[in-house]
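Have a look at the structure below, then the notes.
The values are calculated or read from the model by the stated rules, or taken from the named source; none is laboratory data. Just so it is clear, the model here is predicted, and its values are computed rather than measured. Ideal geometry is used to build each Cβ from the backbone, glycine not excepted, and the neighbour counts take in all protein chains shown.
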Amino acid sequence: MTPNPPLSRRRFLSGTAALLATPALASPALAQARPWEARAEALDQLHALLVWKRGAPVFEESFRGGGLDRVANVKSVSKTLLALLTGIAIDAGDIAGVEAPVLPLLGRGPSGDSRDDLTVGDLLSMRAGLVRTSGGSYGAWVASDNWLDSALQPEPQARPGGRFIYSTGGWHVLGAALSEATGASLLRLARQGLGDPLGIEFAPWVRDPQGRFLGGNDMAVTPRGLLRIGEMVRRGGQWEGRQVVPQRWLETSWQPRARSPFSGDAYGYGWFLTRFDGAQAAYARGYGGQMLVVVPEREMVVAITSDPMRPARSGGYFGDLRNLVDQIVAAA
């Protein structure tokens, strides 16, 4: 299977141009006939489902959990949010670019092995080559007394820029590098870079033993706030006349650079790349069934929060969510 074709500037803009030319009206057909609504309600892990089309809400419902306006743990959707913050930092000049070596950003000297070649782009595409700290290794990693060292110090599993290795530890390394480069905590960066311009709340989340906020997991934002982030992305990084995330960064982030061995989807910088109902889409995914889906050519955004304590495997609940999103996009 070959990766999805790169999302060109023209194709990216095609999903946002209609927003500027078309009033923010929900599709009447989608609003009146929702064959997928009963299916969504029957999924007992699903907490909240929000669907927007052309910048207007079509469906917003909390079936369980804390509701639409209470912060939820979006789990590994945090990786995508951290990728957005990285693009903001690069645009501001705090980081030279995706080719910037990581160890100097952390104030560390040469390691004498392949870790010296590790770049910001390698971390963003989960091709860092570092030892995996997710899945069965996650518990031991977060039980260590220094998460950054535990992610960096073991002998690398592969060379940087090589194969895709899903690992939260690499994102924690990226978060630490981002904090060092900007002089701000990830919470402050999230609030300043996304929260303030979008008018959404970021609650404090888990910290490592050294006080760094965990990079790549457990960020806390409301379902409505998550949807708003996706809508900003769909608009090419703009919100209320302000360029929140550089459009060029979004275009770069949606270029396939690796492939997930779990879902088979391509992966860019913090985004999984796939198709829903034949339409090219990008999505963020978190443990338990957290999702943020952007479908530019259908002018749609879908945000989903679920029980963060129950698994959501590709052949199980997450597969159910994919089918649900496919039905929602098809209805448009």
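So for the range 220-241 (the condition being basic (Lys, Arg), within 14 Å of the chain's Cα centre (by Cα), in a helix (DSSP H, G or I) and modelled with pLDDT of 95 or more), does at least one residue qualify? Checking the range 220-241: at least one residue is basic (Lys, Arg), within 14 Å of the chain's Cα centre (by Cα), in a helix (DSSP H, G or I) and modelled with pLDDT of 95 or more. Inside the range 157-188, residues that are free of Cβ contacts under 8 Å to residues at least 60 places away in the same chain, buried (at least 24 other Cβ atoms within 10 Å of the Cβ) and either among the aliphatic types (A, V, I, L, M) or in a helix (DSSP H, G or I) (or both) make up a count of 3.
Restricting the range 132-145 to residues that are surrounded by 13 or more Cβ atoms within 10 Å (Cβ to Cβ) and assigned to a loop (DSSP other than H, G, I, E, B) leaves a set whose member that is farthest from the chain's Cα centre (by Cα) is Ser144.
When restricted to residues that are part of a loop (DSSP other than H, G, I, E, B) and either among the basic types (Lys, Arg) or farther than 15 Å from Gly216 by Cα (or both), the range 110-129 contains 7.
Considering (1) in contact (Cβ under 8 Å) with a residue 40 or more places away in the chain; (2) touching a strand residue (DSSP E or B) at 6+ places or on another chain (Cβ under 9 Å); (3) more than 25 Å from Arg257 (Cα to Cα), the lone condition that Gly195 does not fulfil carries the number (1). Every listed requirement among (1) touching a helix residue (DSSP H, G or I) at 6+ places or on another chain (Cβ under 8 Å); (2) surrounded by fewer than 20 Cβ atoms within 10 Å (Cβ to Cβ); (3) not in a loop (DSSP other than H, G, I, E, B) is met by Leu250 save one, (2). Considering the range 259-272, the residues that are in a strand (DSSP E or B) and either hydroxyl-bearing (Ser, Thr, Tyr) or touching a Leu at 6+ places or on another chain (Cβ under 8 Å) (or both) include one that is nearest to Leu81 (Cα to Cα), namely Tyr267. Checked against (1) surrounded by 22 or more Cβ atoms within 10 Å (Cβ to Cβ); (2) in contact with a Ser or Thr (Cβ under 8 Å, 6 or more places away or on another chain); (3) more than 23 Å from Val329 (Cα to Cα), Lys75 meets all criteria but (2).
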